[in-house]
Every structure is written in structure tokens, then in C-alpha cells.
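Here, each number is a calculation from the coordinates, and none is a lab measurement. Here the structure is a predicted model, which is why all the values come from computation and not from measurement. As a convention, Cβ positions derive from the backbone with ideal geometry for all residues, glycine included, and neighbour counts pool all protein chains shown.
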Ligand code: NAD
């Protein structure tokens, strides 16, 4: 049995204490356990980050960026190993894990531009002989708390940018699949990052609560489910911290009557079932406008889904893998049951998939449910499994109203050939990330990622330009060097 510890002050640390099993979700076997950090261990990580901050803050930004250039190279060199670690504990197929890593690396590439990103703003002669400028200074120790579903990418949204901006970091990854996250963090040491600048503590609520309340931690980036995001945001705020807390989702795709239906079906297959639907940007509801569109969509989806293959991460012909835990499998199946009991039609039933050689794995097959209505439990909740629900409406306005009324507002997409309709949709829909014939509109690393409504607590989105603002505080300096030309007498009026 392998024991997974922490990474503190440049060293692997494994203090005795509570542990949790880490499963291979394809086999259903727990062959590793992870240490759950005590308050003392988290304090040790915070202290290491605090001690490393003064020197790191004063390290020239170009030298900080050079660490990121090397880090990027190491990530690419180790990509196969990282994909394997992700597959073993998360279950996603290697090609999907490689994609996740690549999107994470793009955030490192963005961080490499720190000298440009941190140049600040300068105005000459704002008054007689007076110059004024704004600089963006690091905050100090900042922390990240991340979910299981992107163990490489989501942490990479956070710490490369935070670190390159001059902060030091404590990461608390998901306790369900910690190995790839821990391995990646150790590459930073190899890339030349000084000890203490990056620290990883594995753990659960006990560890998180130390990060949320310790006054040395100046900011919290969180990604996970909405109830926990809300708790993180309110607790961090109550302790005077800056916080961005990204939560759950229920992403709808509108399928218009004029859509290229074969294309929409292909896009929906990957967006609904890829990574077993365990993506915060997964499309889990298709809203068909008009019965003709609904019938065509369901018929084509049903046909296309017969070819899908669910299985273990290391067989590249598989389309997607198991869900994360046995309990989560039961939850997903429970929502399919409830939809059936509440009157929906299970068109393709993935509740009992047969995966040869992996009979004890946490598999759910691709499931298609038609005739879903907004009062059903399966519609209200984020299922986070390979389940696509179809709702039928008469007009695009009704489809948009459904989306606007839902508590989440992470991502959405419209499939149409009508540019006017698409423009109206993107202008008016109450959702943070919008796709037009693009099913997973995850912003690239040089934009920023974030939902609306109860999908994001906070103001600034994750990574990209908003990330730079989140991990820095603005200081504005106004300067005059008195000389005979500009020396003034006493004035009690407000300077204008
Ligand atoms: P989760 O909320 O259970 O856990 C996220 C993190 O919070 C983990 O590190 C976990 O250890 C910690 N945590 C859990 N319970 C806690 C508690 N009571 N107190 C303090 N910390 C706690 O989420 P998950 O199941 O790991 O991930 C799936 C969820 O994340 C989904 O809802 C998904 O939509 C969401 N997600 C959102 C985004 C986004 O960008 N909006 C991205 C990825 C995942």
C-alpha cells in the first residue's frame, strides 16, 4: 500500500495521522492511502510559505518567469507519466488526461509572460512636475483548494500565476486523486523554484479550515461544488481574505430547429459523456426548440450512443472511464432512477454497464433521458455523471428563460445556423461562458474562466488577466521632486 504525503518547504513530508483510501475507480480497489494533514502540518506549510515570501517577492520578475519556462518543459517531458497518474486515480482515459494537462500547461505559458503582465501603469505630469504610477504587488501567502475532476489542470489555473506574481503558495488538492498534483508540484523544485515558495498539503476540511482562518494567508482560490464554494467564500471573507470560489454547474445546450443536427450530436456526445460527465463545463441538458428538433436529436443521439465505449484509462479506444467513487456511482444512478419515477423516459440506460475484467469498477454507461421537466430532481441538481437530459420547448425565448432561471450559470451553448439568434443569445443569456456551436467554451489561458450566479462567489474570474489582478494588490504612487520651478506655498484647498 503506497502512502501519499505532503510537499512542504521543498521536502516530501509524511507525518503520522489520519488517512483516507485512494481508489483506482476502474478496479474498485484502494491500493493507496493519502495522509490527511493535521492543523499542525498545515501551519508548517503556511510558515514555510511565509518564510520564503520576502526573498521571492524581491526576486526579479524575469527570474521568476524563467522558473516557469523550465517548469513548462518538465511538464511536457513528464506528460505520459502525469496522464497515467491521473488515469489511475481519477479514471479518465489517457487521451483526455493528456488534454487536461495541455490546457494546464497553457496557464504556465501565460505565467511566463509575467514581466509584461506586471509592468503596471504610468502617467507623467499628472500635475506640475508630478508623476503617478500604479504597481501590482504580491499579496504574500495565498492558498488554493481544488476538486477531484481536474487534478492537474485546475491547480495549474492557480499557482503558476500566483507564484510568478511574487506570492508563495499552499495548495490543498482533492484527497480523492492527489498523486498527479503532488508529482507536478515537485517538478517546480526541479525547475529551480526556491524551497517554501510552493507547498502541497493533502487533507480534508480540517486542513481547509486552517487555510481559511490563518491570518498569514491573504487570499483563497477555490474550485469545487457550490455548497462548499459558498462556505469557503463566506468564511474567507469573514477572516478578511480575498476570495474567488468557483462552484458547480448545470450547463444547457440549446438545439435550434435550424442546427446542423449531425454536428450538434457529435459535439454533444463529447461534451455530455467525455470524462464521464465529470466536468464543470459538461453539457448535461439539451434544450430542443420544437418537437421536430427534439425528435431528430433524440433519434440521432440514441443511434450514436450505441458505439460508445466505457472502460479503463489505459485503453485508448475507450471514450470515457468510471466515475470517481462507488458512492458517486450510486448518486448518479439514483438521479436516473428518480427521473424515471418522476415521468421521464430513459432512452439509453447506462445504469448497468458491463465492463469486462473490471466488474468491481465504478462505471456508469452513457445515459439519455427524454421528456425531462424543470420540477424533476434530476433537472435541478448537478448530476456530474454521463447523463444527458433532453427538455423540449416551443421557442428560443423559453429555452433562454430555463437557463436564466437555473441557479447555476457556468457555461452554455447554442447550436444554430442563425447568426442573429446566436448574437441575441450571447448578448442576453445570464451565464458566464457562452459557446456558439462550441460545446465546451472553456476560455483559453489568456482570457479568464468563471461562471455567473451560484457558479462563482467573488468578483474576479480564475486565471488570465483576472488572475493577475486577483494575485496582486494595486499600489498607486504619486511623486514630485520639489525644484524652484514647481515649489509651491501652503494651500488648504484640495489639490485640483
Ligand atoms: P468538493 O466541493 O467536494 O471538493 C472540492 C475541495 O473542497 C476539495 O479539495 C475538498 O477536499 C474540499 N472540501 C470538501 N468538503 C469540504 C468541507 N466541508 N469543508 C472544507 N473543504 C471541503 O468538489 P469535488 O467533488 O471535488 O469536485 C466536483 C465539483 O467541483 C463539481 O460540483 C464541479 O462542478 C465543481 N467544479 C467546478 C469548476 C468550476 O470552474 N466552476 C471546475 C471544476 C469542478
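Assorted remarks:
- Crossing angle, helix 291-305 versus the chain [Cα axis fit, 0-90 degrees, rounded to tens]: 90
- In degrees, nearest ten, helix 396-405 long axis to first principal axis of the chain (Cα): 60
- The calculated FRET efficiency for the pair residue 51 and residue 375, based on their C-beta separation and a Förster distance of 60 Å, comes to about 0.60.
- Descending Cα extents along the principal axes, the stretch 121-242, whole Å: 61, 37, 23
- A crude spin-label estimate for the pair residue 70 and residue 225, with each label 7 Å from Cα along the Cβ direction, gives 4.1 nm.
- Summarising the strand pairing of the chain, around 40 percent of its internal DSSP beta bridges are antiparallel.
- Annotation: the residues 126, 170, 298, sorted from fewest to most other C-beta atoms within 10 Å of their own C-beta, follow the order 126, 298, 170.
- Cα long-axis angle, helix 326-341 against the chain (0 to 90 degrees, to the nearest 10): 50
- Cα pair distances exceeding 29 angstrom across the stretch 251-436, given as percent: 17
- Rounded to 0.05, the FRET efficiency of the residue 438 and residue 81 pair, given R0 = 45 Å and the Cβ-Cβ distance, is 0.90.
- Rough spin-label spacing in nm, given labels placed 7 Å along Cα→Cβ, for residue 359 and residue 18: 3.6
- Sorted by Cβ neighbour density within 10 Å, fewest at the top, the residues 136, 53: 136, 53
- The share of alpha-carbon pairs in the stretch 327-410 lying farther apart than 15 Å comes to 59%.
- Based on alpha-carbon atoms, the Kirkwood radius and the radius of gyration of the chain give Rg/Rh equal to 1.03.
- Euclidean distance of C-alpha centroids, the stretch 280-300 and the stretch 171-202, integer Å: 41
- Per residue of the chain, the DSSP helices (runs of n ≥ 4 H) give a summed -39500 (n - 2.57) that works out to -12000 deg cm²/dmol at 222 nm.
- Residues listed by number, the stretch 249-267, amide nitrogen under 18 Å from residue 420 label point at 7 Å toward C-beta: 256-259
- Highest-first arrangement of 300-311, 364-375, where packing means the average Cβ count within 10 Å: 364-375, 300-311
- Look at the alpha carbon pairs under 8 Å that are at least 6 residues apart: their mean separation over the length of the stretch 251-436 gives a relative contact order of 29 percent.
- Taking other C-beta atoms within 10 Å as the exposure proxy, 1, 400, 433 rank 1, 400, 433 from fewest upward.
- Label-to-label distance for residue 397 and residue 475 is 5.5 nm, based on points extended 7 Å past Cα in the beta-carbon direction.
- Take the Cα of residue 62, go 7 Å toward its beta carbon, and the backbone nitrogen atoms of the stretch 107-140 under 16 Å from that spot belong to 112-119.
- Rg and Dmax of the stretch 189-306, both derived from C-alpha coordinates alone, stand at 21.4, 62 Å.
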